[in-house]
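K.L.:
What follows is a single structure, and I will ask about it in a moment.
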Ligand SMILES: [Zn+2]
């Protein structure tokens, strides 16, 4: 068992070497370190991806070249952002003074099975804003992510620039995506992200009519290796919402989804933040 974990760690480190010059950080103290196992004892073909036992949390994170995330603080009894159907609130950052950020993943084009393993290993929550166009290609992939405790929210059916559409067409795009998500995953979205972050008054009205209580924008967006910060900001702030995408090597210049996400997770950890669940705050 232990040998298998080390094998996986070595494999992950080799993979992470592509386009990423960040060396993994030393392990923390409260976990049994994979370093306790003699080096070189790599067991090929023993790379199982079963959920890690609690003591293996450190090794599970190390598979992806990162440290485990600290558990987020207990969410507030009252959500700091109140959803409002008659006038959906627009949110880029959740008011909090705790060192938490929220990770959101858009569209759903890339469906890398390794990303399922990554989230299983790390146990951090993400919020997905998915287009039915991409869901339809493989609904089961996102079902598995939902079963890990991640939330699926609305991003329109076809990813149009809503500002170019009539009020009626906007409503079709938004309600249609909610209908598809409810049918596939048994839960109706309550949060909406307009494609490209573009919206107008008709969008807000349509979103409310389709059951959306909040428009979720972002403060930072993840590129391949680096984070793009809001103008004037050079670092994460408590409550920031971070945008990333389901993207693969063809859109990431050869980098895989899990390498890009490992880069993102490192940026969050380097700045002393952990990841909380958006639904607990909005
Ligand atoms: Zn999008």
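The values are calculated or read from the model by the stated rules, or taken from the named source; none is laboratory data. For clarity, every value in this text was computed on a predicted model and none was experimentally measured. Here the Cβ positions follow ideal geometry from the backbone for every residue, glycine too, while neighbour counts run over all protein chains shown.
K.L.:
Would you call residue 125 farther than 27 Å from residue 56 by Cβ and in contact (Cβ under 8 Å) with a residue 60 or more places away in the chain?
P.N.:
When the stated conditions are applied, residue 125 does not pass them.
K.L.:
Has the range 248-255 got any residue that is in contact with a helix residue (DSSP H, G or I) (Cβ under 7 Å, 6 or more places away or on another chain) and more than 16 Å from the ligand (Cβ to nearest atom)?
P.N.:
Scanning the range 248-255 turns up no residue that is in contact with a helix residue (DSSP H, G or I) (Cβ under 7 Å, 6 or more places away or on another chain) and more than 16 Å from the ligand (Cβ to nearest atom).
K.L.:
Looking at the range 154-177, is at least one residue more than 15 Å from the chain's Cα centre (by Cα), away from the ligand (no atom under 16 Å from the Cβ) and farther than 22 Å from residue 87 by Cα?
P.N.:
So far as the range 154-177 goes, no, none of its residues is more than 15 Å from the chain's Cα centre (by Cα), away from the ligand (no atom under 16 Å from the Cβ) and farther than 22 Å from residue 87 by Cα.
K.L.:
Is it the case that residue 89 is more than 16 Å from the ligand (Cβ to nearest atom), out of contact with any helix residue (DSSP H, G or I) (no Cβ under 8 Å at 6 or more places or on another chain) and closer than 22 Å to residue 200 by Cα?
P.N.:
yes
K.L.:
Within the range 221-242, take every residue that is under 26 Å from residue 87 (Cβ atoms) and buried (at least 21 other Cβ atoms within 10 Å of the Cβ) and give me the one that is farthest from the chain's Cα centre (by Cα).
P.N.:
239
K.L.:
Continuing with this model, one more query. Mind checking which residues of the range 268-282 are under 20 Å from residue 150 (Cβ atoms) and not in a loop (DSSP other than H, G, I, E, B)?
P.N.:
268, 269, 274, 275, 278, 279, 280
K.L.:
Given the range 101-156, what helices (runs of 4 or more DSSP H) lie entirely inside it while holding 3 or more residues that are modelled with pLDDT under 95?
P.N.:
It comes to none.
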